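Quick notes on the structure that follows.
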Amino acid sequence: MEIKQQLRLTQQLVMTPQLQQAIKLLQLSRLELIDEVRKELDNNPVLSDEEPDSRGKEAADRRRAAEENPDLGRSDDAKQTEKATREVDWEKFLENRTLQQPSGARGGLEDLPPIEQNLTRPRSLRDHLLWQLQMSDFTDVERRFAELVIGNLDERGYLDLDGVDLPDGTRTPDLTIEDLAEEVGLHADDAPLVLEMIQNFDPVGVAARDLRECLLVQAKAAGYDDEDLIVEIIQNHIHHLEKHNYQAIARAMKISVEEVYETAKEIQEFESRPARNFTDQDDRSIGITPDVYVIKDGEEWRVVDNDRGVQRLFINEALTRRLLNDPQAKEFIGEKLRNAQWLIRAIEQRRKTIIRVAECIVDKQRDFFDKGVGHLRPLILRDVADAVGMHESTISRVTTNKYMHTPQGLFELKYFFNSSIRRVANEDIASESVKQAIKQMIDGEDKAHPLSDQAIVEALVEQQGIKIARRTVAKYREMLGILASSKRKRLF
């Protein structure tokens, strides 16, 4: 055992604040970048979103001339103003900049609540039902029962009382509406009546326990009774109706297939998902602004960045020079100036990186831009990383939540990365191209005799030399939102 000194040379990556900021900006989406720029503009006084113009340069020249000859061309009022400016405590001003209250008479705009308090959000199904519950003449016990029912609705608007799986492998027992009634002290005989009243709230059919009950509630609300054909089909033949097996319904009810088909068309007018128009705000479609545009210039494809909406940042040289002359504010403003310079560089580096990656994608997916989605080539992150000289993690950050506008449509950059599927003879094909090939086959099929998954497998081999398993076809079909062949069949 002894104490001694050793000299060792090692290499390690030091995550400086500037590097962390660059990585953070790189993975931000366009909207997140705009928010980040606005925050920095509010927090850093030396940053400005206004480009210095010629008048600013002329004013700077006059200030430099005045510094060389202080008494040249200055009036007494100007001298007094400059003296007062030098006496301002800029450090205190900068520290309290965000805390300053606007001046003015009471009752003006400053007395209004923040704009965030005036913003609204789409009403959820739960809020919509609770509002109708408040307008109803339920008793207190019935109201508590109704609140339990509304609280147990799933994303489709159905009453979900099924048990749940526990971490230890056991499962909780399924509940009934009588169990909910017992929870709030409502008589078990009254529970179905209260539930029926809730099911007739808007949207009609909400809080149904299955598809049959949901359609029956809507049929009866539309004026049909138990003697009508539509109610009987829903009540007794819903399983055949889901599979479009109209012949089986016709045989069981001893009516013609034409009658069954006409009744089925009426049933299709009902809503199978009562909560369809009350999806959560996060699930709503939003407008997307592309980060880059791909346009054709002659025979070449060019990538152009979209700088609309993203504020360009500049250094407020006039304010910076003035504050640097103040000894008390010099250290503070120096730090803010360094932060501003790093931010401007990081944003510019982010823009250049996105352009480089987008140009590489366009180069490797040239057939896609020339011929369409069916010619998308297999591509992985490593292919682009090797081409542009970056790490795969950097490519992953660049392509996340970044969008490209092309003549074929608007796509996320990640869309162009596909696993490969081997062909029998030709080169490999991208999985996305296989999905499009399946979609085209189904779109062009005979609706009276739709293609089964096995038939699609055989057609892919014969027509395009693509050999995949039947379960892969089923998976791709479900990803495309296409029903099975038994549910796609049409008789008329």
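Looking at region 352-368, is at least one residue small (G, A, S) and free of Cβ contacts under 8 Å to residues at least 40 places away in the same chain? Full working, then the answer.
To start, the set of residues in region 352-368 that are small (G, A, S) comprises 358.
Now restrict to residues that are free of Cβ contacts under 8 Å to residues at least 40 places away in the same chain: none.
Taking every residue of region 352-368 in turn, none turns out to be small (G, A, S) and free of Cβ contacts under 8 Å to residues at least 40 places away in the same chain.
Could you please find all residues in region 139-163 being among the hydrophobic types (A, V, I, L, M, F, W, C) and either in contact with a Lys or Arg (Cβ under 9 Å, 6 or more places away or on another chain) or not assigned by TED's automatic domain parsing to the domain that holds V217 (or both)?
Let us first name the residues in region 139-163 that are among the hydrophobic types (A, V, I, L, M, F, W, C), namely 141, 145-146, 148-150, 153, 159, 161.
Matches in region 139-163: I150, L153, L159, L161.
Pairs only if they're at least six apart or on different chains, beta carbon under 6 angstrom, first in region 37-52 and surrounded by 16 or more Cβ atoms within 10 Å (Cβ to Cβ), second modelled with pLDDT under 85 and basic (K, R); list them, first residue then second.
So the pair list comes out as N44/K336; V46/K336.
Go through region 349-424 and tell me which helices (runs of 4 or more DSSP H), entirely inside it, have 1 or more residues that are more than 26 Å from the chain's Cα centre (by Cα), β-branched (V, I, T) and not assigned by TED's automatic domain parsing to the domain that holds Q440. Give the derivation first.
On the way: elements: 366-371, 381-388, 392-399.
Hits in region 349-424: 381-388.
Take the residues of region 327-344 that are out of contact with any strand residue (DSSP E or B) (no Cβ under 6 Å at 6 or more places or on another chain) and closer than 14 Å to V37 by Cβ: which is surrounded by the most Cβ atoms within 10 Å (Cβ to Cβ)?
Step one: filter region 327-344 for residues out of contact with any strand residue (DSSP E or B) (no Cβ under 6 Å at 6 or more places or on another chain), giving 327-339, 341-344.
Subset that is closer than 14 Å to V37 by Cβ: 339, 342-344.
Values: N339: 18, W342: 16, L343: 21, I344: 16.
Checked region 327-344; the qualifying residue surrounded by the most Cβ atoms within 10 Å (Cβ to Cβ) is L343.
Between a first residue in region 459-484 that is within 16 Å of S431 (Cβ to Cβ) and a second residue that is of a type in the set (S, T, N, Q) and not in a helix (DSSP H, G or I), which pairs have beta carbons less than 7 Å apart while being 6 or more apart in sequence or on different chains?
From residues that are within 16 Å of S431 (Cβ to Cβ), the pairs are G465/N426.
Can you confirm whether region 232-243 contains a residue that is among the basic types (K, R) and either in contact with a strand residue (DSSP E or B) (Cβ under 8 Å, 6 or more places away or on another chain) or in contact (Cβ under 8 Å) with a residue 40 or more places away in the chain (or both)?
First, the residues of region 232-243 that are among the basic types (K, R): 243.
Now narrow it down to the ones that are either in contact with a strand residue (DSSP E or B) (Cβ under 8 Å, 6 or more places away or on another chain) or in contact (Cβ under 8 Å) with a residue 40 or more places away in the chain (or both): 243.
So far as region 232-243 goes, yes, one or more of its residues are among the basic types (K, R) and either in contact with a strand residue (DSSP E or B) (Cβ under 8 Å, 6 or more places away or on another chain) or in contact (Cβ under 8 Å) with a residue 40 or more places away in the chain (or both).
Can you confirm whether K489 is modelled with pLDDT of 85 or more and charged (D, E, K, R)?
On the way: modelled with pLDDT of 85 or more: no; charged (D, E, K, R): yes.
It is false that K489 is modelled with pLDDT of 85 or more and charged (D, E, K, R).
The values are calculated or read from the model by the stated rules, or taken from the named source; none is laboratory data. What you see is a predicted model; the values in this text were computed from it and never measured. Virtual Cβ from ideal backbone geometry, glycine too; neighbours counted across all protein chains shown.
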